[in-house]
Amino acid sequence: MTPSQGLPEKIRKAGISIDDKWEPGDLGLLIHLHGVQNFQDYGFNAMHEAYCAKIAVEFILNPHRDRSSVWIAKRGGEVVGSVMIIERPENEAQLRLLFVAKSVRGIGLGRWLVEEAVRYSALCDFSGIYLWTVTGLDRAIAIYQSVGFVQSAERFVEGWGQRNAEVRFDLAFGSC
């Protein structure tokens, strides 16, 4: 099954497809979107854009991705969303770079990306998933909590042009 086959009708009708491979230009478009949109929405500076670029570059250049995966949402050939699962030590997965462009928000794409990443992680027999985010990203945090993620840590950091409260969320998979 290709990543786009399980898309809800509302997302398909919006002309969105999902790919699990990077095409030339995808990285640049995704990082550009992160930089511009997160500056407009949250006031994050260029350091945030560089931080996102580093995550994506490390993913793409890692020759041993094993159970790591990516979902890239596109509309008309343009990147409009993403999420990654990165394999971590001790059989954990880390959810990274969840993003949905403002032009396609409100159709359930962010929820679908998170749910798909969780499904994938469970199928790959990870013991659980964790992620770090910052307070104020209310739409994403609401999705994480609605699928079962629980806040487990908080720390304050200076970065991205402001002081942020970083929060960690965890989702453990029950043993069979």
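Every number in this text was worked out from the coordinates using simple rules, so none of it is lab data. Just so it is clear, the model here is predicted, and its values are computed rather than measured. Here Cβ is always computed from backbone atoms with ideal geometry, including for glycine, and neighbour counts include all displayed protein chains.
A compact table of results
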item: Total charge dipole magnitude, the chain, about the Cα centre, Cβ charges on Lys, Arg, Asp, Glu only, Debye to nearest 20; result: 480
item: Gap separating the Cα centres of segment 27-43 and segment 60-139, nearest whole Å; result: 16
item: Helix-only mean residue ellipticity at 222 nm for the chain, each DSSP H run of n ≥ 4 adding -39500 (n - 2.57), per residue, nearest 500; result: -11000 deg cm²/dmol
item: Gyration tensor verdict on segment 10-172 (Cα atoms; rounded if a/c is under 1.5, prolate if a/b is larger than b/c, oblate otherwise); result: rounded
item: Beta bridge orientation in the chain: antiparallel %, DSSP, nearest 5; result: 90
item: Potential lengthening between F156 and I107 on full extension [0.36 nm per residue; Cα-Cα distance subtracted]; result: 14.4 nm
